[in-house]
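The values are calculated or read from the model by the stated rules, or taken from the named source; none is laboratory data. What you see is a predicted model, and the numbers here were worked out from it, not measured in a lab. Methodologically, a virtual Cβ is constructed for each residue, glycine included, from the backbone with ideal geometry; neighbour enumeration extends over all protein chains shown.
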Amino acid sequence: MVQRDIIKIDEDKCNGCGLCVPNCPEGALQIIDGKARLVSDLFCDGLGACIGNCPEGAISVEKREAEEYDEKKVMENIIKQGKNTIKAHLEHLENHGADKYLKEAKDFLKERGIDIPEKEGSTKTRSFCPGSKIMDFSREEKNQNEEGKRTSELKQWPIQLHLVSPNAPYFVGKDVLLAADCTAFSIGDFHKDFLKGKTLIIACPKLDSNIDVYVEKLRKMIDEARINTLTVLVMEVPCCSSLLQIAKKALNSASRKIPIKLIVIGLNGEVLTEEWI
């Protein structure tokens, strides 16, 4: 047993619709007694392909003691489902930056003489989890064509902290902005004044679940992606202060030390305080 990310299902929210099952090509989910169930720790990679396909928000990722994920056992199940499922699984691993599992999957196919499906030329290939597919568009040219219309400073996708891969290339060596969900709606010039030149992640310390996952992801960004700085942008409301505590906890558990800046925004969008912690 090891400590790792793994799917958690809220039975009170789950209505048994089954939409998550076909979006887990690894075969870790089944509908049993009218509820989605995680039937095998071995098959769950913890990357969350099923999360965006649950209309009730009943699926999340938690860190707990679980059997170590076994890519070979997963592949034994997946090859029975045919070429399209093999392709979807490989894309799923690639989109989440799971390079180790991706290599194990391809080696498994080679050992059994099974062709590795080729990626389509288009960047819009089908994915079982489009909402969390890693996309880096920092090099795209963005022209300000309409007078008075400011271009977006967002350089990557996804941005929600539960969905991002901490080792995604757009985090490596970058300045990161950790923004509370409400801040962008309060600040008129959020993109120009706060997002420009930074990689964005968003979270709500009050409403989001499994906050320990946030701490570990931030630690990986610090130690493994080797981010440069972390700016924590919060509202003045009391519940927002927890976001800084999450960042501090991650920094304390990391082997590297990086500067953290705290910016507190008033309800009218003004900057109340700005300081390096």
- Sort through Lys220, Lys249, Lys196 and tell me the only one that's in the same structural domain as Gln160 (by TED's automatic domain parsing) and either of a type in the set (Gly, Ala, Ser) or over 19 Å from His162 (Cβ atoms) (or both). Lys196
- Query: Within region 180-207, which residues are crowded, with 19+ Cβ neighbours inside 10 Å and within 27 Å of Arg4 (Cβ to Cβ)?
  - Reply: Thr199, Leu200, Ile201, Ile202, Ala203
- Query: On the given criteria, is Glu216 farther than 21 Å from Val61 by Cα, touching a residue at least 24 places away in the same chain (Cβ under 8 Å), out of contact with any Cys (no Cβ under 9 Å at 6 or more places or on another chain) and among the acidic types (Asp, Glu)?
  - Reply: no
- Reported set for region 152-194 where residues are over 21 Å from Asp99 (Cβ atoms) and free of Cβ contacts under 8 Å to residues at least 40 places away in the same chain is Ser152, Asp181, Ala184, Phe185, Asp189, Phe190, Asp193
- Of (1) surrounded by 18 or more Cβ atoms within 10 Å (Cβ to Cβ); (2) within 20 Å of the chain's Cα centre (by Cα), Ala36 satisfies all except one. Which? (2)
- Number of the condition not met by Ala58 [criteria: (1) out of contact with any strand residue (DSSP E or B) (no Cβ under 8 Å at 6 or more places or on another chain); (2) aliphatic (A, V, I, L, M); (3) under 16 Å from Ile6 (Cα atoms)]: (1)
- Note on the structure: Checked region 203-223 for anything assigned to a loop (DSSP other than H, G, I, E, B) and modelled with pLDDT under 90; matches are Pro205, Lys206, Leu207, Asp208, Ser209, Asn210
- Scanning for something surrounded by 18 or more Cβ atoms within 10 Å (Cβ to Cβ) and under 19 Å from the mean Cα position of the chain (by Cα), does region 263-271 turn up at least one residue? no
- Among the residues of region 166-181, which ones are touching a helix residue (DSSP H, G or I) at 6+ places or on another chain (Cβ under 7 Å), outside any helix (DSSP H, G or I) and under 17 Å from Lys257 (Cα atoms)? Pro166, Val176, Leu177, Leu178
- Message: It is to be established whether one or more residues within region 224-236 are in contact with a helix residue (DSSP H, G or I) (Cβ under 7 Å, 6 or more places away or on another chain) and hydroxyl-bearing (Ser, Thr, Tyr).
- Response: no
- Residue among Glu94, Glu62, Glu11, Glu67 that alone is under 19 Å from His162 (Cβ atoms), surrounded by fewer than 19 Cβ atoms within 10 Å (Cβ to Cβ) and either of a type in the set (Lys, Arg) or not assigned by TED's automatic domain parsing to the domain that holds Asn167 (or both): Glu62
- Using beta carbons and a limit of 6 Å, which pairs, at least six apart or on different chains, have the first residue in region 59-83 and within 18 Å of Asn23 (Cβ to Cβ) and the second one of a type in the set (D, E, K, R) and surrounded by 14 or more Cβ atoms within 10 Å (Cβ to Cβ)? Ser60/Lys8; Val61/Asp5; Tyr69/Asp45; Val74/Glu26
- Task: May I ask you to list the residues in region 156-175 that are in contact with a Leu (Cβ under 8 Å, 6 or more places away or on another chain) and of a type in the set (A, V, I, L, M, F, W, C)?
- Result: Ile159, Leu161
